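Notes follow the structure.
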Amino acid sequence: MPTKPVPAESIPLPPRKTVYPAPFASQVEGRVKRKLGDFFGLSNFGVNLTELAPGAVSALLHHHSRQDEFIYVLEGHPTLVLGDKEYRLDPGDCHGFKAGSGVASQLVNRSSAPVKYIEIGDRTEGDQVAYPNDDLKAVQLANGEWRLTHKDGRPW
């Protein structure tokens, strides 16, 4: 753990790009996520500096049962998909996603320029993630790792 401030861009990328199984992993191929909070050993919440190439998405459309999320746009103009609505965001725009709301969300970069944003999420134990458009379910285990299954419970 560093003892002094560091440039966020210097924080190494994680060795694993996504926890999504093969049928879904390609959808986040254009996403680069630097896990700032992990780098500093934070355990109560996560902070990521995320970049989306043109055409990339932040994640599959999803919502959490127990973990809140927050985004703040630094550069570019992503589209926020929020339930059945869409919003074009500008640098300086932000949005919070309350756990348990049942409203699915994702960011999509439909522009021709990169998008950069900060995402923050808590690490409340027992979280489950629902993906309304995909045959996927995620359950967070006690050790913080994710178990991914089909919606009917079969493992991936």
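What follows draws every value from the coordinates through simple rules; no lab data is involved. Owing to the predicted nature of the structure, the values given are computational and were not obtained by experimental measurement. We place every Cβ from the backbone using ideal geometry, glycine too, and count neighbours over all the protein chains shown.
Before moving on, here are some points about what is shown:
- Local electrostatic count, ASP127, Cβ distance below 14 Å [Lys/Arg +1, Asp/Glu -1]: 0
- Highest-first arrangement of 110-117, 86-93, where packing means the average Cβ count within 10 Å: 110-117, 86-93
- Structure note, pairs LYS116/LYS137; LYS35/LYS137; LYS35/LYS85; LYS35/LYS151; LYS116/LYS151: Cα-Cα distances above 25 angstrom occur for LYS116/LYS137; LYS35/LYS85; LYS35/LYS151; LYS116/LYS151.
- Per-residue HN-Hα couplings for the stretch 26-39 [Karplus 6.51, -1.76, 1.60; θ = phi - 60°; Hz; x = Gly/Pro]: 5, 5, 10, 4, x, 9, 10, 10, 9, 8, 4, x, 4, 4
- Relative contact order of the chain, pairs being alpha-carbon contacts under 8 Å that are 6 or more residues apart, as %: 23 percent
- The amide H of TYR131, built 1.01 Å from its N in the peptide plane, has LEU136 as neighbours under 5 Å, considering only residues 5 or more places off or on other chains.
- Column: log10 I(q)/I(0), Debye, Cα scatterers of the stretch 18-58, q = 0.29, 0.30, 0.31, 0.33 Å⁻¹: -0.93, -0.95, -0.97, -1.02
- Each Lys or Arg adds one and each Asp or Glu takes one away; over the other residues whose Cβ falls under 15 Å from the Cβ of ALA53, this sums to +3.
- Ellipticity estimate at 222 nm from DSSP helix runs (n ≥ 4, -39,500 (n - 2.57)) divided over the chain, nearest 500: -500 deg cm²/dmol
- Dipole check for the chain: with +1 at the C-beta of Lys and Arg, -1 at the C-beta of Asp and Glu, and the Cα centre as origin, the magnitude is about 280 Debye.
- Among 132-138, 69-75, 2-8, the order from most to least packed when residues are scored by Cβ within 10 Å on average: 69-75, 132-138, 2-8
- Under 5 Å, built H, 5+ apart or other chain: amide partners of ARG66: GLY100, GLN128
- Amide H contacts under 5 Å for LEU82, placed H, 5+ residues apart: TYR87
- Eigen-decomposition of the gyration tensor built on the alpha-carbon atoms of the stretch 33-149 gives equivalent ellipsoid semi-axes of 23, 18, 12 angstrom, largest listed first.
- Ordering of 48-58, 94-104 by packing is 48-58, 94-104, highest average first (other Cβ atoms within 10 Å, averaged per residue).
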